[in-house]
Amino acid sequence: MESVSTTLPLLWFGLVALFLTLYLITDGFDLGVGILTLTAANEARRGIIINTLSTVWDANETWLVCTGGLLYGAFPLAYATIVNALYIPITMMVVGFIFRAVAFEFREHSLDKTFWNIGFGGGSLLVAFSQGLVLGGVIAGIKVDAAGNFIGGTWDWLNLPSILVALTVVQGYVLIGSTYLITKTEGELKRYHYITAKFSAITTYLGALVLTIATPMFYEQVKERLFHQPEVVIFAAIPVLATGAAGLLMNSINRRQEIMPFIWTIVLFLITILALAFVVFPYIIPFQVTIYQASSSLSSQAFMIAFIGFFVPILLFYNIYLYRVFKGKVVSPHYGE
């Protein structure tokens with residue numbers, strides 16, 4: 001029984017991390033494309049950009065719902081504490097999703113699309129920035145009592161490191177959105193997004209570099225963890241791997257490759273996620289509550305395993321099938337209608 005009580009929280013932590021990774025990659029390019037609609041030169045181009053998402057954007061957001069559901073079921077204490085501590089940026093994110101969804105549907109039936117274009121692009125930007133604030137707030141640490149309940153202030157999440165994280169997240173989403181559009185568009189649109197991909201690759205890398213240097217300076221607990229043997233070796237290797245991937249990304253952009261910029265961006269995302277997992281594990285609320293302290297009862301976790309074992313393969317098959325059916329270039333604003 002003791003081995004089960006140790007293994008199940010590890011399994012659920014891995015599943016939450018997996019679903020979050022799938023969300024950050026798929027809805028990452030989704031949000032990045034939304035932000036890039038604000039830079040479109042005319043309505044025809046904007047229509048093509050938006051319609052690269054028309055067949056996949058609902059499926060992309062499914063992973064966020066799944067991540068929230070898994071966190072609530074497997075780690076209810078962490079779910080309650082994080083939502084309580086980060087209520088304002090989470091609410092901002094939900095508002096952004098609402099604006100995005102409404103604008104996406106209404107702009108197709110509007111004669112003057114200006115308001116809905118701003119709603120879609122602005123909503124995408126608000127969601128991306130809010131997610132960065134949430135991430136920054138979690139990394140900074142949440143004040144809790146002995147039972148793991150939130151005891152901090154309403155605005156604890158609002159600080160310089162969190163804003164830097166949010167700006168970097170926005171740039172990361174623009175990067176993956178740009179490289180996605182390279183694979184989905186042609187002609188002048190494709191050439192333009194090589195430019196946005198190159199610019200956002202530079203700004204994302206610089207933002208990540210600043211955060212890598214500044215985070216241990218701002219947070220003593222992170223510093224103690226990262227500069228402790230043997231963790232310091234891994235910590236030193238992560239920036240090297242990220243720099244190598246960033247160099248290969250820039251090379252693929254300069255060579256005007258079509259698929260490789262998107263693949264190398266995904267690699268960068270994966271390295272970043274692994275780095276974050278390395279920093280926080282085994283905490284679910286850094287550096288206060290571990291996955292073992294926050295986990296639900298063993299019976300609840302065991303019951304959920306049976307459900308997830310049935311549900312996840314179906315969801316994965318559906319998403320893979322969807323992307324396969326609608327692969328290829330988008331050359332018309334009416335694609336997918």
remark   = Stokes-Einstein, Kirkwood over Cα pairs, the chain, 10 °C, 1.306 mPa s; D in µm²/s equals 76 µm²/s
task = Enumerate the calculated ³J(HN,Hα) couplings along region 104-119 in order (Karplus 6.51 cos²θ - 1.76 cosθ + 1.60, θ = phi - 60°), each rounded to whole Hz, writing x wherever the residue is Gly or Pro.
result = 4, 7, 6, 5, 5, 10, 9, 6, 9, 8, 4, 4, 6, 5, 5, x
key: Helix axis angle, 160-184 relative to the chain longest principal axis, alpha carbon, degrees   = 40 degrees
task = Calculate, in nm to one decimal, what PHE218 and GLU43 gain on full extension: separation in residues at 0.36 nm each, minus their alpha carbon distance.
result = 58.6 nm
query = How much length, in nm to one decimal, is gained on full extension between VAL83 and LYS327, taken as 0.36 nm per residue of separation minus their Cα-Cα distance?
reply = 84.2 nm
ask   = Mind checking the alpha-carbon convex hull of region 260-303 and giving the volume per residue in Å³?
value = 86 Å³
task = Report, in whole Å, the centroid distance computed from the Cα atoms of region 205-250 and region 17-37.
result = 23 Å
note = Taking N as the residue count of region 1-146, its alpha carbon Rg divided by 2.2 N^0.38 Å gives 1.23
query = In region 205-337, what percent of the accessible surface is made up of carbon and sulfur (1.4 Å probe, ligands and nucleic acids excluded)?
reply = 73 percent
task = Average the reciprocal distances over every distinct pair of alpha-carbons in region 49-123, invert the result, and give the Kirkwood radius in Å.
result = 14.1 Å
message = What is the angle, in °, between the Cα long axis of helix 231-254 and the longest principal axis of the Cα atoms in the chain? Nearest 10 is fine, range 0 to 90.
response = 0 degrees
query = Expressed as an acute angle from 0 to 90° and rounded to the nearest 10, what is the orientation of the C-alpha long axis of helix 57-74 relative to the principal long axis of the chain?
reply = 10 degrees
ask   = Per residue, how much accessible area does the chain show when a 1.4 Å probe rolls over the protein heavy atoms, in square angstrom?
value = 48 Å²
task = Would you please put 100-110, 48-58, 231-241 in order of how densely packed they are, using the mean number of other Cβ atoms within 10 angstrom per residue and starting with the highest?
result = 48-58, 100-110, 231-241
ask   = When only the heavy atoms of the protein chains count and the probe is 1.4 Å, how do LYS327, LYS184, LYS190, LYS223 rank by accessible area, highest first?
value = LYS327, LYS223, LYS190, LYS184
query = On full extension of the chain, what length is gained from TYR318 through ASN251, given 0.36 nm per residue of separation minus the C-alpha to C-alpha distance?
reply = 20.8 nm
task = Name the most mobile residue of TYR219, TYR321, TYR194, meaning the one with the largest mean-square fluctuation, in a Gaussian network model of the chain with Cα contacts below 10 Å.
result = TYR321
key: Percent of alpha-carbon pairs separated by more than 16 Å within region 201-316   = 71 percent
query = Largest first, how would GLU186, GLU258 line up by accessible area (1.4 Å probe)?
reply = GLU186, GLU258
remark   = For region 164-236, the convex hull over Cα atoms projects on average to an area in nm² of 5.6 nm²
task = Return the long-range amide H neighbours of THR290 (sequence gap of 5 or more, or a different chain), with a cut-off of under 5 Å between placed amide H atoms.
result = ILE284
task = Summarise the accessible area of region 54-156 (1.4 Å probe, protein heavy atoms) by the percent that is carbon and sulfur.
result = 71 percent
Cα gyration tensor shape for region 122-259, rounded if a/c is under 1.5, else prolate or oblate = oblate
Spatial separation of Cα centroids for region 278-309 and region 104-142, in angstrom = 30 Å
note = Sorting ILE320, ILE88 on solvent-accessible surface, 1.4 Å probe, most exposed first, gives ILE320, ILE88
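The values are calculated or read from the model by the stated rules, or taken from the named source; none is laboratory data. It should be emphasised that the depicted structure is a prediction, and the values quoted were computed from it without experimental measurement. With ideal geometry, Cβ positions are generated from the backbone for all residues, glycine too; neighbour counts draw on all protein chains shown. Heavy atoms of the whole protein, side chains included, go into the accessibility calculation; ligands, DNA and RNA do not. Shrake-Rupley method; radii C 1.70, N 1.55, O 1.52, S 1.80 Å.
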